[in-house]
Structure formats: structure tokens, C-alpha cells
Amino acid sequence: MVGAGYVGLVSGACIADFGHSVVCVDKDSRKIDSLRRGEIPIYEPGLNDLVSNNCNQSRLSFSSELDEEVGAAEVVFMAVGTPSRRGDGHADLSFVFDAARSIAKALRGFTVVVTKSTVPVGTGDEVERIIREICPDADFSVASNPEFLREGAAIHDFKHPDRIVVGTEDERVRKILGDLYRPLSLNQAPILYTTRRAAELIKYAANAFLATKITFINEIADLCEKVGAEVQEVARGMGLDNRIGPKFLNAGPGFGGSCFPKDVKALVQTARDNAVPLRILEAVSVVNDQRKRAMARKVSEMFPAGMRGKTIAVLGLTFKPNTDDMRDAPSLSLITALQDFGARIQAFDPVGMDHARSMLSDVSFCNSAYECADGADALIIVTEWEQFRALDLDRLRMVMATPVVVDLRNIYRADEMERHGFVYSSVGRPNPLISDSSAAMEEIVAESRRRAVMP
């Protein structure tokens, strides 16, 4: 497994758990040393135990020596990063091609070289060309086997997949990878064999479609607020149609993470290179970027007199729960926009604050949700961590300077929040208490404060 990052480490540990012998190789020797000490560099539920158990059973090991490990392998997975290339949105394939060159020099006997990284259509052709150019006599075959792992549920997704896509027309590869994934047959996991190019495109098309679904419901949520409808009722009514399904129909502050933003942009660029503009996906990318900052305007509507000098508490920094991934997280754009309005920010996240500290400035990081809310003029729920779903609302109201809550994940009910004395705003729901009138808003806040001191 070339690359011991998120995809490589999770995939390697799961494959080892099937009973195979796996070596995760990474040129970052410090990362390898940490893994050998049992220190996992990413947060993923269950991964620590999975890695530890398979290391103890001698099925999983770590190395920074690629040549030796590749030479002894039957299957070599490439699971290196493919970030967006600065300036044009194309996928940066430099890590993939560097890995291909290193693998080419180490091949011994027939080897299946598998691209597990998310790569544009045609990347497998280039990987094959690179290896053939460096080692003309090598006996190998290049296949595509994209991953479909959700951060926070990656181990479950790997072991209980909806499908396993294998892009190859080589019968030898089909047999080898079929045997590798055979332990999953008890779960009736379908292996879909396709051409290599089709497999590469399936990954991008799937992520782009899910990103589109999120963006669609977010725009419907905006309409719901204007016409007095409940977006959760609309989404449920849509999702009960089995042609649509309920997943990815939760309105919020926009999508983020390591996959959707970069994959949408990369697919748009691939289409442009082939003179096939994807107007829907172009719009998805633009609308999503705008939405993240637009959430700051939703907060500012709670303060008609302006936000300068206000203290805003932000609960949740990672792009989703059960991960420490801050890449393209909505919180980043939101916090920056609030600071532009002159607000002071204090924030809390259960696991993401170490990464957040390197990405945000002038933010006070707190040790709990209640410490974060202490003295705040408004509290924003950005990430729907489970521990934010059942906050002690009476305690929360008492520690806040002004009982204003902006719930960007709709995890609370408006009537419940009103009963506890909060001025409450959410996404895609009618907010009858929120007025454009400064005087009306001040009266609402004053009333909330009076209710807060009532027994």
C-alpha cells in the first residue's frame, strides 16, 4: 500500500483484517516511525484498534523502503494524495506519477498495480506508460479500484461496501482482486468489473452527484425560508421516492472535506479539456463556495445594529462529525466572514482543534461547549457532533450574554428553543421571530433576557 495517509491506512488495515499480509509504505519516515509506535496520525473511529490488532497478528506492518516491499508484492495499491492543483482546479497527479516511477524500478514478477487514489480519466494509461518506459520488460497490469469511504465511517464502508469497482480487462487481475476481496462475499458485496477509464470516471461522477444533491437541497432550503415551508419535511417527502432516496438531503452550510470540493473541480476541468462543459457542476462549485460565507450573513441578521465587538461562539469546526479533517470545512469561511464583520470568535470542536489552530487566527479555542458559549452574544452550531445534540439548554442560556442560537444543522426544534428562552434561527425553516426591523430585534433579545431570569 503506497501511501499511509487516510485512504492507504484504512484500506491497508482492513485488507490485513481479511487475513492478507499488508505493508503500508510511505516516504515520510517520521510518519512510519509514529505508526510503528502505534500512533495513528488521523482520527477515524475504530482505526486505532484495527491497526493495533493486525500489527500484533503480524499481518500489517509499515516501511519507508518501497523497493523491497514492492518487489515482494503480488498487488501494489497506490493510495497517494491528489489535491487540487493551485490555480486551475485540475487534480495534481505529481504524487501518483512519482509513485509509478518508484514502483517501476522495483517490480519483480507479475504484479498488479492498482490506482486507489481518486484520479482523472486516463490516469491509468499514463501510469502504465510511465512504468513501461522505465521498465520495458516488466510483467504487470494497471487497474483502477477507487475507494468510496466516508470519513467517520470508513471501516464500516470498506467492510460493507455498496459496490467494489474494479477497472480492468485483464482476466489475471480480475482473479487476483476477486480473491483479495473474497472475504466480503459473505456480505454480498457486488464486484463491478469495468474498463479502467470507466472506473476512474465512476468515482468522480459519484462524488459530483452527491455534491449536487447537497447543493440542491441547500438552495431549496433558502426557498423554504422565503415561502414558509420546512425543508426537513420537503426533504423527507423527496427522499421517500426511491428514485431519489433520503441520503445527502440534509440542508446545511455547504459541503467540505477532502473529496467533494476538489473532485467537483477536477471533473469540471476534465470536461473542459474534452470540450464538454458541465454547467451544472460549475454552478455547484460556485454556489457551495458562496454558501459558506452566506451563513455569516444569516448570523448577522440577528444583529441589525451590527456585529462589531460581538462575541460569537462556534460549535464544531471539522467539515463533518467523527473526523478531525478541516479541509474545506464550512467553519473556515464562516469564521473568516464573521471576523470581517468585526466579531470576536471563540470555538470548540471535540477532535479538530489541533488542525484548526494552524488554519485559523485570532480565535479563542475552548475546552467544552459551555466554556465556548460563556459570555457569547450568539452561538452557532456548525458541525453536528453527537455531543451537541443534547446540550443542557438551561445551562447554555445562563452562561451566554445573549441567548441567540443559529443552528446550521437543524439539530434542535424551534419550539423547544423558544421554550428555553432562546432567539433561534435555523436553515430552511420559517423564522417568524426574525425581523428586518432593528427595534423589533432588540425587543426580542430583551424579552429573551427577561425570560432567562424567570424561575
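Residue count for the stretch 266-284 under the criterion of being in a helix (DSSP H, G or I), more than 19 Å from V119 (Cβ to Cβ) and open to solvent by 20 Å² or more (accessible area, probe 1.4 Å): the result is 4. Where residues in the stretch 163-179 are touching a residue at least 24 places away in the same chain (Cβ under 8 Å) and surrounded by fewer than 18 Cβ atoms within 10 Å (Cβ to Cβ), which of them is nearest to T111 (Cα to Cα)? Only one residue fits best here, namely R172. The set of residues in the stretch 57-90 that are outside any loop (DSSP other than H, G, I, E, B) and acidic (D, E) comprises D67, E68, E69. Tell me, yes or no, whether the stretch 287-297 has at least one residue that is under 22 Å from T82 (Cα atoms) and either within 19 Å of the chain's Cα centre (by Cα) or modelled with pLDDT under 95 (or both). Yes, because at least one residue in the stretch 287-297 is under 22 Å from T82 (Cα atoms) and either within 19 Å of the chain's Cα centre (by Cα) or modelled with pLDDT under 95 (or both). Checking each residue of the stretch 180-192 against the condition of being open to solvent by 20 Å² or more (accessible area, probe 1.4 Å), of a type outside the set (D, E, K, R) and in contact with a Gly (Cβ under 8 Å, 6 or more places away or on another chain) gives at least one match. Looking at the stretch 215-229, can you tell me whether even one residue there is touching a Pro at 6+ places or on another chain (Cβ under 9 Å), of a type in the set (G, A, S), part of a loop (DSSP other than H, G, I, E, B) and surrounded by fewer than 20 Cβ atoms within 10 Å (Cβ to Cβ)? Yes. Taken over the stretch 338-361, the criterion of being under 19 Å from V404 (Cβ atoms) and outside any loop (DSSP other than H, G, I, E, B) is satisfied by L338, Q339, R344, I345, Q346, A347, F348. Reported count of residues in the stretch 299-337, each being touching a Ser or Thr at 6+ places or on another chain (Cβ under 7 Å) and either surrounded by fewer than 21 Cβ atoms within 10 Å (Cβ to Cβ) or part of a loop (DSSP other than H, G, I, E, B) (or both), is 14.
Filtered by the rule that a residue be assigned to a helix (DSSP H, G or I) and over 16 Å from the mean Cα position of the chain (by Cα), the stretch 238-265 gives M238, G239.
Taken as a whole, the structure leaves L379 outside the set of residues that are free of Cβ contacts under 8 Å to residues at least 24 places away in the same chain, touching a helix residue (DSSP H, G or I) at 6+ places or on another chain (Cβ under 8 Å), under 21 Å from G252 (Cα atoms) and of a type outside the set (K, R). Residues in the stretch 361-369: is at least one open to solvent by 20 Å² or more (accessible area, probe 1.4 Å), at pLDDT 95 or above, in contact with a Lys or Arg (Cβ under 7 Å, 6 or more places away or on another chain) and over 24 Å from A305 (Cβ atoms)? Yes, the stretch 361-369 contains at least one residue that is open to solvent by 20 Å² or more (accessible area, probe 1.4 Å), at pLDDT 95 or above, in contact with a Lys or Arg (Cβ under 7 Å, 6 or more places away or on another chain) and over 24 Å from A305 (Cβ atoms). Within the stretch 382-402, being of a type in the set (S, T, Y) and free of Cβ contacts under 8 Å to residues at least 60 places away in the same chain holds for one residue alone: T402.
The values are calculated or read from the model by the stated rules, or taken from the named source; none is laboratory data. These numbers come from a predicted model, not from an experiment. No Cβ is skipped: glycine too gets one built from the backbone with ideal geometry, and neighbour counts run over all protein chains shown. The protein model used for the area step is the full one, side chains on, heavy atoms only, and it has no ligands, DNA or RNA in it. Shrake-Rupley method; radii C 1.70, N 1.55, O 1.52, S 1.80 Å.
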